Amino acid sequence: MKQGIHPDYHPVVFRDISADFAFLTRSTITSEKTVEWPDGNTYPVVDVDVSSASHPFSTGRSRVLDTAGRVEKFRRRYGITAPEETR
């Protein structure tokens with residue numbers, strides 16, 4: 001790598017507040033907030049909205065989407081009727 005052109009790459013804690021989950025990794029992101037990690041060191045902390053601990057795909061808790069309701073709402077809004085063979 002060329003010297004002097006890359007951003008600082010350092011340990012950072014990412015914390016998912018909604019799932020009470022945090023992990024230590026390396027990143028170029030910076031933060032004014034810090035947290036003391038169990039190893040006794042203090043690291044910058046970045047709060048995130050979604051992580052693997054709270055994402056529906058990773059946790060298996062998915063939402064059921066009402067796709068039939070969406071189609072009917074679209075048809076009502078734009079006045080599109082169903083073809084004769086589906087009635």
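The values are calculated or read from the model by the stated rules, or taken from the named source; none is laboratory data. Fair warning: this is a prediction, and the values are worked out from it, not measured in the lab. Ideal geometry is used to build each Cβ from the backbone, glycine not excepted, and the neighbour counts take in all protein chains shown. Quick note on the areas: whole protein, heavy atoms, side chains included, nothing else; ligands and nucleic acids left out. Shrake-Rupley method; radii C 1.70, N 1.55, O 1.52, S 1.80 Å.
When you scan segment 42-55, do you find a residue that is under 21 Å from Pro7 (Cβ atoms), loosely packed, with under 14 Cβ neighbours inside 10 Å and without any contact (Cβ under 8 Å) to a residue 12 or more places away in the chain, even just one? Yes, segment 42-55 contains at least one residue that is under 21 Å from Pro7 (Cβ atoms), loosely packed, with under 14 Cβ neighbours inside 10 Å and without any contact (Cβ under 8 Å) to a residue 12 or more places away in the chain. Taken together, the residues in segment 1-23 that are more than 16 Å from Asp49 (Cα to Cα) and either open to solvent by 70 Å² or more (accessible area, probe 1.4 Å) or hydroxyl-bearing (Ser, Thr, Tyr) (or both) amount to 9.
Of all the strands (runs of 3 or more DSSP E) wholly in segment 1-86, which have at least 2 residues that are at pLDDT 80 or above and among the aliphatic types (A, V, I, L, M)? Spell out the reasoning first.
Numbers: elements: 10-16, 21-27, 34-36, 42-48.
Hits in segment 1-86: 10-16, 21-27, 42-48.
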